[in-house]
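Notes for the one structure printed next.
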Amino acid sequence: MSTNFESSYHMCQLAHPFLKQSGYGSIVLISSIAGVKAVPVVSVYAASKGALNQFTKNLALEWAKDNIRANVVAPGPVMTVLLKSVMDSSDEGYKIVTEAVSQTLVGRMGEPKEISALVAFLCLPAASYITGQVIVADGGYTV
C-alpha cells in the first residue's frame with residue numbers, strides 16, 4: 001500500500017500548493033487493470049490500485065475549484081522489465097501473463113510508449129475537459 005497508494009497521496013499533497021499557485025494543473029497517476037477487474041494472485045496490489053482509482057476521482061472533485069484536473073491511467077499487460085521478470089520468475093507468473101495477453105482483443109502486450117503517449121495527452125490543454133477518469137488502456141482486455 002505504501003508504494004502504490006501512499007506515495008501517490010503524499011506526492012499529490014506536496015504538488016497541490018504549486019499547482020494551485022500556477023492557476024491550473026493536471027495530475028496523472030498510474031494504476032492497473034487490477035484496480036478495475038479481478039486478477040489472480042495479486043489481491044493486495046489490486047486493492048492498492050483500486051484505492052488509487054478512487055483517490056483520483058476524489059482529487060478531481062476536490063481540486064476542480066483550483067483548476068486542477070486529476071486522472072488515472074490503468075494499463076493492462078505492458079512489456080516492462082517488471083512484467084518480464086514476473087514471466088521469467090515462475091511458470092505460474094508466465095501462465096498468468098500469457099493468459100491475460102491471449103484475452104486482449106489486439107492479441108498482444110502493450111508497449112510503454114503507448115501508455116506514455118496517453119499520459120502526455122492527458123497533460124495537454126487538448127484534454128482540459130477530461131477529469132476524474134480511470135482510463136483503461138489494455139488492448140481490449142476488460143471489454
Exercise. From the list LEU124, LEU105, LEU83, which residue is among the hydrophobic types (A, V, I, L, M, F, W, C) and in the same structural domain as GLY23 (by TED's automatic domain parsing)?
Worked result: LEU124
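Could you look through the stretch 18-56, keep only residues that are β-branched (Val, Ile, Thr) and under 27 Å from ALA126 (Cβ atoms), and pick out the one that is surrounded by the most Cβ atoms within 10 Å (Cβ to Cβ)? Break it down into steps so the answer makes sense when it comes.
If we filter the stretch 18-56 for residues that are β-branched (Val, Ile, Thr), which is where we start, we get 27-28, 30, 33, 36, 39, 41-42, 44, 56.
Within this subset, residues satisfying the condition of being under 27 Å from ALA126 (Cβ atoms) are 27-28, 30, 33, 36, 56.
On the way: ILE27: 22, VAL28: 18, ILE30: 14, ILE33: 22, VAL36: 17, THR56: 25.
Only one residue tops the list, namely THR56.
From the set of residues in the stretch 57-87 that are closer than 18 Å to HIS16 by Cα and of a type in the set (Gly, Ala, Ser), which is surrounded by the fewest Cβ atoms within 10 Å (Cβ to Cβ)? Step through it out loud before you land on a result.
First, the residues of the stretch 57-87 that are closer than 18 Å to HIS16 by Cα: 57-72.
From the residues that got through so far, the ones that are of a type in the set (Gly, Ala, Ser) too are 60, 64, 70.
Values: ALA60: 19, ALA64: 13, ALA70: 24.
Checking each candidate, the answer is ALA64.
List the helices (runs of 4 or more DSSP H) that sit entirely inside the stretch 31-140 and contain at least 3 residues that are without any contact (Cβ under 8 Å) to a residue 12 or more places away in the chain and farther than 15 Å from CYS12 by Cβ.
Working: elements: 43-63, 81-89, 91-102, 112-123.
Those helices (runs of 4 or more DSSP H) span 81-89, 91-102, 112-123.
The values are calculated or read from the model by the stated rules, or taken from the named source; none is laboratory data. Bear in mind the structure is a predicted one, so any value in this text is a computation, not a measurement. Backbone-built Cβ (ideal geometry, glycine too); neighbour counts: all protein chains shown.
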